[in-house]
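Written out below as structure tokens is the structure these notes cover.
What follows draws every value from the coordinates through simple rules; no lab data is involved. Quantities reported herein were computed from a predicted structural model and do not represent experimental measurements. Reconstructed Cβ throughout: ideal geometry from the backbone, glycine too, with neighbour counts over all protein chains shown.
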Amino acid sequence: MPYPARKCKHTEAVCPVTHVVIRPDKHDCGYVDERNRLLPQAERIATTRADEWASMRGSYAQTGPAYRQQWVREFSAAMDQLWAERAAKVSK
Ligand SMILES: [Zn+2]
């Protein structure tokens, strides 16, 4: 086995029973920590943008699946944007 079995705190990466990393070749704890640090900011951006999106479309757009889909789109875009900004800062 090329990668030794290891444990980590990231619930998305580990077996829920043993807490051993399921794919140690695919899981980078440092990368996940860096991404997780951006989540609260991305959530705020997504909520602001999804609310703006909904306010231009009337009250019917402010609840329900269309709003949630838009929120997920905005969240994904915000994460990409924050990650790119972070990468630009790191490489300077
Ligand atoms: Zn990890």
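Quick look at the numbers
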item	result
Translational diffusion coefficient (Stokes-Einstein; Kirkwood radius from C-alpha pairs) of the chain at 20 °C, 1.002 mPa s, in µm²/s	137
Net lengthening on full extension, A88/R6 (0.36 nm per residue, minus Cα-Cα)	26.4 nm
Likely footprinting exposure, R44, R35, fewest C-beta neighbours within 10 Å first	R44, R35
Mean residue ellipticity (222 nm) of the chain, computed from DSSP H runs ≥ 4 via -39,500 (n - 2.57), nearest 500	-21000 deg cm²/dmol
L39, L82 arranged by Cβ crowding within 10 Å, fewest neighbours leading	L39, L82
Extended-chain gain in nm, criterion 0.36 nm per residue less alpha-carbon gap, V32 and D51	4.0 nm
Net charge dipole size for the chain [Lys, Arg +1 and Asp, Glu -1 on Cβ; Debye, nearest 20]	180
